[in-house]
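Worksheet: the structure to be examined is printed underneath.
The values are calculated or read from the model by the stated rules, or taken from the named source; none is laboratory data. Since this is a predicted model, take the numbers as computed values, not measurements. A quick note on method: Cβ atoms are made from the backbone with ideal geometry, for glycine too, and the neighbour counts reach across all protein chains shown.
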């Protein structure tokens, strides 16, 4: 239900535009460990413009989501640098989450970061036992963002029911 409603429903331009940008980010980050500004800043502008279709409330949610994404990953970068004494989060990942936030809002940012971190941990921790490897976190954030965009409400509802025990 979520996929069909999102892609063919009220937000097809957001689904297509956001999906194309996420695909570009994932491929580029996997190949070059780099997320170009054209994707992040261009995607942020696109997300904010498309949010205007939801009126002022839609635009405010997009701005709040962009701010939340930027702030959360900036905090992770600062804390990571302090703990590990080296760069723990690239600037592209931080800007990417601002872009993602403009498409999914602040709740979607939380879900995207959780999903991306979980997926990245499940895949990269086993591969990293032999030698230290760079993690193209943007790949996992892109997958998490796509899942969030398509199934956010379903996942959040399930989680809240799980927490409440109902």
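Key figures
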| item | result |
| --- | --- |
| Condition check for residue 115: surrounded by 17 or more Cβ atoms within 10 Å (Cβ to Cβ), touching a residue at least 12 places away in the same chain (Cβ under 8 Å) and closer than 21 Å to residue 41 by Cα | no |
| Residue match in the range 118-128 (condition: part of a helix (DSSP H, G or I), surrounded by fewer than 24 Cβ atoms within 10 Å (Cβ to Cβ), on the phi < 0 side of the Ramachandran plot and in contact with a helix residue (DSSP H, G or I) (Cβ under 7 Å, 6 or more places away or on another chain)) | yes |
| Qualifying residue in the range 134-152 (condition: in a helix (DSSP H, G or I), more than 15 Å from the chain's Cα centre (by Cα) and surrounded by fewer than 17 Cβ atoms within 10 Å (Cβ to Cβ)) | no |
| Qualifying residue in the range 78-91 (condition: closer than 17 Å to residue 145 by Cβ and in a helix (DSSP H, G or I)) | no |
| Some residue of the range 50-59 being under 15 Å from the mean Cα position of the chain (by Cα), in contact (Cβ under 8 Å) with a residue 40 or more places away in the chain and in a helix (DSSP H, G or I) | no |
| Criterion: modelled with pLDDT of 95 or more and more than 22 Å from residue 150 (Cα to Cα) - qualifying residue of 75, 115 | 75 |
